[in-house]
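Enquirer: Got a structure for you, written out below as structure tokens; questions coming shortly.
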Amino acid sequence: MKVENNPKQRIPFELFTGILSLLLYAVPAHSQWAIEAGASYNIQDGSFRAPCGCIFHGGKGAGFIAAISSDIFSIRGFTIGVQSGFDFKAFTAYEVPSDPSNSDQINIQMRYFTFGPYVRYYVPGSGLFFQVTPEAEYLVSNSFQHISHPSPVPAEDVDSSMGDLRAMRYSARVSAGYKFDLFGLEIAPMFNVDLPLNNIRPDVPLDPFTDPGLHGASGWHITSIDLSLAVFFKP
């Protein structure tokens, strides 16, 4: 009696052998862990209403990042690892961006804990590498400072929180760097772009005649450009 092979029954076995081969050929990463720190330039897009009731459009400002990463394994020029850190975002926005000197101003700060896996690719024969890190960021705290601009003296109105911001921010961090040896360490200056995958606050109609307590927003998100320096410690 002839028994025919069922292709569907071979799939789990072939998948298992493929994963096993990947793990067998993978080697421990050359640099097991690293620290990274740098400055960021934050670009605020969209519009939002602050607790003062004013609606602000656009904005920009400076912040900083810090992170610790751990390489897990490398295979065929790719390195897989995980990274956690801190992201401080700050920006200044105006109610009328075209006339900032006569417009209400708001200064916002947001502090996030970050975590995400990464994939790093090394260009063969050079220290150049590219890295992609999908990140989840947890909002630790935020604050704002509202400055009105009546004539002749501006007035400040400081509050402690922006209120109903999303606790989680998701982003894709795309990086390019160059690694070289210095005093027994591996140093890598990096250029990073942090691309938002969700808005800071859910979209709510920005009707200036509604209750200011119903904080509105329209496409409110932040894109960051970072310059950082990473120090890789060899095992």
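The values are calculated or read from the model by the stated rules, or taken from the named source; none is laboratory data. None of these values were measured; they are calculated from a predicted model. Accessible surface areas use protein heavy atoms only, side chains included; no ligands, DNA or RNA. Shrake-Rupley method; radii C 1.70, N 1.55, O 1.52, S 1.80 Å.
Enquirer: Roughly how much of Ile108 is accessible, in Å² to the nearest 10, using a 1.4 Å probe?
Expert: 0 Å²
Enquirer: Pull up all non-local amide H partners of Lys60: gap of 5 or more, or a different chain, and H-to-H distance under 5 Å with H placed in the peptide plane.
Expert: Those qualifying (amide H under 5 Å, at least 5 residues apart or on another chain) are Gln44, Thr92.
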